[in-house]
Amino acid sequence: MKMRLAASFAVLLAAAPVALAQTVPQGYPASYAEVIAAAEKEGALSIYATADASEVSELLTQFRALYPKLKVEYADQNSTELYSRYVAEAAAGKTADFIWSSAMDLQIKLVNDGYALTYASPEKGALPDWANWKDQAYGTTAEPIVFAYNSRIVPEAEVPRSHADFAKLISQKKDVYKGKVTSYDPERSGVGFLYITQDVQISPQTTWDTVKAMGQAGAKFYTSTGAMIERVVSGEHTLAYNMIGSYVLQRNHKDPTLAYVLPKDYTQVMSRIAFVSAKAKNPNAAKLFLDFLLSKTGQVELAKKAMTSVRTDLQDSHGITSLPGAREVTLRPIRVGPELLTQLDQITRLRFIKQWQKTLAAN
C-alpha cells in the first residue's frame, strides 16, 4: 500500500534546529564518542520501517537535532513489502542501514538468516528480557492487541471482556452480529497470521471456538488495521478482533466512537523490532538511531503516538501499564526470539491455514 522514499522528509529534517547537538549521552561510556564521530563521517542514515512517516516525524526531527551532520532518509512501507525489498536489495549489495518493523516473525527471520549486526546498545539494560535477542533484534515498543468496537452501536453490557466472551457473544447473537465482525486475514496479512497463531498457542480451544463463531457470523477479514477501524467507526462492522492497540488508541483519542478492550484473560503485547543491518553502508549512524529509539527521549516520543514504551522504567508513565485497565489484565508479551520462526515453517503454516479455512466453514 504505502512505499515511498520520504525524500521531502529528509529535506525537512535538514532544516531542523542544531542547538541540541551533543557528544556522548549521559550514562553512556566515553568510548561512545567514537561511534558518534564515525557516524558523522558516514554522514547519512537510511531507514526502512512500517510506522508511517507522519507518525514518527517529531521523533526523527529530534534525532536530526541531536546529530545534524546526518542526512536521514525514511521509507515507510507495509511489512511484507519491507521484507521482500530488503532481501532483494541486500542480495544486490545496497540497502537500508536500519530496519524497523511490526512484523515480528519476519524481522526475526531476517536476523536468524544473518542480516543483523550484533550491537550491544547502551540502553539495553532498561529493556525487559523478552525484548532483546542476541544483541541483534531489539523490541522497541510494547503495544497491546485489543478488541475494538463501535461504542454507539454495541451496548456497554454486551462488550466482550475476554476471548471466551468474544466467541460467546457472536455465537449467541448471530442475527445481531451477522456481517458485523472483522479481523485480520491470516492468509494475506503477516501480522494477522502472527497474532492468531499466538492465540492458538496460548488458548487453542477458545481460539478455534472464536474462529468458528466468526465463520458463522460471516466475519469479514482485511489486511490492515486502518481499513478495519474505518469500517467499525462507520458502523459497517461493529466488533473487531486482534487489532493493533496503538492505532485504535490514537483514533479513540480523537473519536470515542471507536472504543477498545484489553482482554482480561490475556492481552498479547507486540513490539516493533529493530536491527542494524549487517549490510549497512552507515552502521554507526544506524547504531545512533537504535540507541535514540530506545532512550527515554525516543520512547516518550513514541508513546505520544500510542506506541507505548518497552522500557521497564517508563511503564507507569508511558508504558502499557499506564493504559486504563491494563493492571487488571494478564499481559502476554510476544518474545523477541527464535520461537517466532516456528509458525513461518511452510508445512506448519499450510497446516494452520487449512485448519483456519476448515473451522471458518464449519456450521
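Residue by residue, here is whether (1) assigned to a helix (DSSP H, G or I); (2) under 22 Å from Leu302 (Cβ atoms); (3) more than 25 Å from the chain's Cα centre (by Cα) holds:
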residue	(1), (2), (3)
Val111	yes, yes, no
Pro122	no, yes, no
Phe147	no, no, no
Ser171	yes, no, yes
Pro186	no, no, no
Val191	yes, yes, no
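Please go through the stretch 166-203 and pick out each residue that is within 18 Å of His237 (Cα to Cα) and among the acidic types (Asp, Glu). Asp175, Asp185, listed by residue number. For the stretch 55-76, the criterion of a residue being within 24 Å of Pro186 (Cα to Cα), modelled with pLDDT under 95 and part of a helix (DSSP H, G or I) is satisfied by no position. Inspect the stretch 324-347 for any residue being in a helix (DSSP H, G or I), over 28 Å from Asp113 (Cα atoms) and open to solvent by less than 80 Å² (accessible area, probe 1.4 Å) and give the result as yes or no. For the stretch 324-347, residues in a helix (DSSP H, G or I), over 28 Å from Asp113 (Cα atoms) and open to solvent by less than 80 Å² (accessible area, probe 1.4 Å): present.
Taking the stretch 81-105 as the range and being open to solvent by less than 30 Å² (accessible area, probe 1.4 Å) and either under 15 Å from Arg272 (Cα atoms) or in a helix (DSSP H, G or I) (or both) as the test, the residues that pass are Leu82, Tyr86, Ala90, Phe98, Ile99, Trp100, Ser101, Ser102, Ala103, Met104, Asp105. Just to be sure, is Arg152 among the basic types (Lys, Arg), outside any strand (DSSP E or B) and farther than 25 Å from Met270 by Cα? Judged against the criteria, Arg152 is a match. For the stretch 132-141, the criterion of being farther than 12 Å from Ala274 by Cα, acidic (Asp, Glu) and either at pLDDT 95 or above or assigned by the TED database to the domain that holds Ala306 (or both) is met by no residue.
For Phe166, the conditions (1) outside any helix (DSSP H, G or I); (2) open to solvent by less than 10 Å² (accessible area, probe 1.4 Å); (3) not aliphatic (A, V, I, L, M) are fulfilled apart from (1).
The values are calculated or read from the model by the stated rules, or taken from the named source; none is laboratory data. These numbers were taken from a predicted model, which means no experiment stands behind them. All Cβ positions, glycine included, derive from the backbone under ideal geometry; neighbour counts span all protein chains shown. Ligands, DNA and RNA are stripped out before the accessible areas are found, and what is left, the full protein with its side chains, is counted by its heavy atoms. Shrake-Rupley method; radii C 1.70, N 1.55, O 1.52, S 1.80 Å.
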